[in-house]
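Participant: Please read through the structure below; I'll follow up with questions.
Please treat every number below as a calculation from the coordinates, not as lab data. Remember, it's a predicted structure, so these values are computed and weren't measured experimentally. Note that we place each Cβ from the backbone using ideal geometry, even for glycine, and neighbour counts take in every protein chain shown.
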Amino acid sequence: MKTKLIIALILSFGLYQMQAQVGYQKDSLQIKVYATIHYTDGNAKSIKVKHVFCDYCSDYQKERVSEEAKRQTFLIRNAKGVRMLNGIYRHAVYIRVSKEDFANLKEEEQQHQDESNEKISSKY
């Protein structure tokens, strides 16, 4: 009787954990970005974002995603496996963002455009 209860408890806990992982993937987007770090004499001289893999993003959203990729690349520029004496380090950045936050970027863009239109119309 006790063993059946323990087995049932373990199985229910395992199913609960499986469900939590599916929910995380269901509620978020993953965007891949390629970035490069240019090293000269062991120091990072520049960080450039080469490509944002996002077919459904607006220009504003791609810009914001590339800013985040550049920030993440900047944070790892001096890591042991990344740093070079001279050369270019190519880095793939995976950015995970919730669908709700990503949708708010669109709204923010619209609000920004509306505010700029109001400023222009108030001048005349």
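Participant: Taking 0.36 nm per residue of separation and subtracting the Cα-Cα distance, what length does fully extending Ile6 through Glu100 add?
Facilitator: Full-extension gain reported as 29.9 nm.
Participant: Now, a different point. Return the Rg/Rh ratio of the range 28-99 with Cα-based radii and a Kirkwood Rh.
Facilitator: 1.02
Participant: Sticking with this one: Take His38, project a point 7 Å from its Cα along the Cβ direction, then tell me which residues of the range 84-98 have their backbone nitrogen under 19 Å from it.
Facilitator: Counting only backbone N, you get 84-92.
Participant: Another one. So how far apart, in nm, are the two label points at Ala79 and His51 if each is 7 Å from Cα heading toward Cβ?
Facilitator: About 2.1 nm separates the two model spin labels.
Participant: Through the Karplus equation 6.51 cos²θ - 1.76 cosθ + 1.60, θ set to phi - 60°, convert the phi angles of the range 84-92 into ³J(HN,Hα) values in whole Hz; use x for Gly and Pro.
Facilitator: Going residue by residue, I get 10, 6, 9, x, 10, 9, 9, 9, 9 Hz, with x marking Gly and Pro.
Participant: Here is the link list: Lys45/Lys99; Lys48/Lys106; Lys26/Lys50; Lys26/Lys80; Lys80/Lys106; Lys4/Lys99. Which ones come out longer than 32 Å on Cα distance?
Facilitator: Lys45/Lys99; Lys26/Lys80; Lys80/Lys106; Lys4/Lys99
Participant: With r defined as the distance between the Cβ atoms of Arg90 and Ser28 and R0 fixed at 35 Å, what FRET efficiency is calculated, to the nearest 0.05?
Facilitator: The value I calculate is 0.90.
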